[in-house]
Amino acid sequence: MEIQKRCKYCGRSFIAHKMTTIYCSPSCNNKDYKRAIRQKQIADYCEAHPEDKEDTPKDVLHGKAFLTPREAAKLLGIGKSSVYRELASGLIKAVQMKGKTLIRRADIERLFDNPPAYQSHSEKKQEKREYYTFRQIMEKFKCSKKAIMTRVEKYNIPKVYQGRNCFFDRALVDVHFAQLIADIDLRDYYTIPQLEEKYKMSHAAVLSFVTRNKIPRITQGRTVYYSRAHIDTLKGERESIDPNYYTYAEVMEKYHFSKDQISYYVHNYEIDNHKQGRFTVINRKEFDRIIKERMETNSLEKEKERRAKLPKLSAIPEGYISVAQIAEKYGVTPKHVQAKTREAKTPKLVIKHLNYYNEAAIEQLFNRDPEKFEVPKRLPNASRSRFITFMGEQERPTFQR
């Protein structure tokens, strides 16, 4: 049996299956039951306290110039806690006496002389958050509607519906869609046509390869870019090194730097690096970020200005020696000299692209006292002949297959 009825509590129409059903849902049933209990409690209280039926606000309006917070709440028709909250904010003025707080009625009436313009809650919410439409996202990030929905579901971006239109939070969209318009270095990525041409693979084989090996990728518009380092490592064209790191040779090929320039950036900017086999590897993301920041600033122009102000010397001043002379004098390698002078921040002169240091400062830095300065030991090469010579009279090691 299906009977169309109207809910006793909320007034909505619904289909009932019994003649005795009067509510559309258990929730309305519970709310109506609680309302009946509340009304019964109010009626019992009014019957037990007939003196409270007198209209206190009328007595206050006609007789009192000063009100307590409770009387002010009754006068304004708000709760007592709301009055105390406005007292704390300074909207309503009051005088605190010992055991009593008094509010002047004239101050309450003065609040309504020049009130600020009314502003609804919905207007306040709209000011706080801004939204994109589908079309705005498609135009800004150059992507299709399907790509938008895929990324929205992936990053759980909430949708707001207004009629037939759908809106997306602007701040969240800017964060999670920024990758689609970010500048990328094409030297670090392959496209699918490049992989097909280089490795003689079909389109399906390329997609299967990158999916199976979980190759990192970046999507911009309809073009997908795959990490060159990861692919070259898997294909054997790159030695087994973590794809998230550069070798010195890769940095030299990509940025056309010398080894000294690479070492300068690694040591001065404290870029993550470590030894892996016979290679020293450098964190790829950190190095690229430092180079990008350097290129975007005017540090190159400042360096040119600084060098232009330096005195142009063609002859070596008296009392200055080169790195090679320091290494020969103290029996160390040129790299050790460069590292030690860089660590001590020793002043230098650049003459014809060579560094020269004050001999007295170097003498103080490279003190011959063994307690203050330890000369690094040079180990022989690991070739078979020199290894045997280095072992001396000791018994040669025997190797078993």
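Laid out as a table, the results:
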| read-out | value |
| --- | --- |
| Cα-based radius of gyration of the stretch 145-269 once divided by 2.2 N^0.38 Å, which approximates compact folds | 1.39 |
| Inter-label distance, nm, simple model (7 Å from Cα along the C-beta direction), ASN114/VAL350 | 6.6 |
| PHE366 - accessible surface, heavy atoms, 1.4 Å probe, Å² rounded to 10 | 0 |
| Point-to-point label distance, GLU153-MET1, nm (Cα→Cβ direction, 7 Å offset) | 4.6 |
| Solvent-accessible surface (1.4 angstrom probe) belonging to ASP107, in square angstrom, nearest 10 | 30 |
| Extended-chain gain in nm, criterion 0.36 nm per residue less alpha-carbon gap, SER202 and GLN136 | 20.1 nm |
| Extension reserve of the ASN30-ARG294 stretch, reckoned as 0.36 nm per residue once the Cα distance is removed | 88.3 nm |
| Restricting the stretch 163-209 to trypsin sites (Lys or Arg not before Pro) in coil, as DSSP defines it, with at most 14 other Cβ within 10 Å | ARG164, LYS200 |
| Difference of contour (0.36 nm per residue) and Cα-Cα distance, LYS254 to ASP188 | 22.9 nm |
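The values are calculated or read from the model by the stated rules, or taken from the named source; none is laboratory data. As the structure is a computational prediction, the values presented were derived from the model and not from experiment. We place every Cβ from the backbone using ideal geometry, glycine too, and count neighbours over all the protein chains shown. Just the protein is used for accessible areas: all its heavy atoms, side chains included, with ligands, DNA and RNA removed. Shrake-Rupley method; radii C 1.70, N 1.55, O 1.52, S 1.80 Å.
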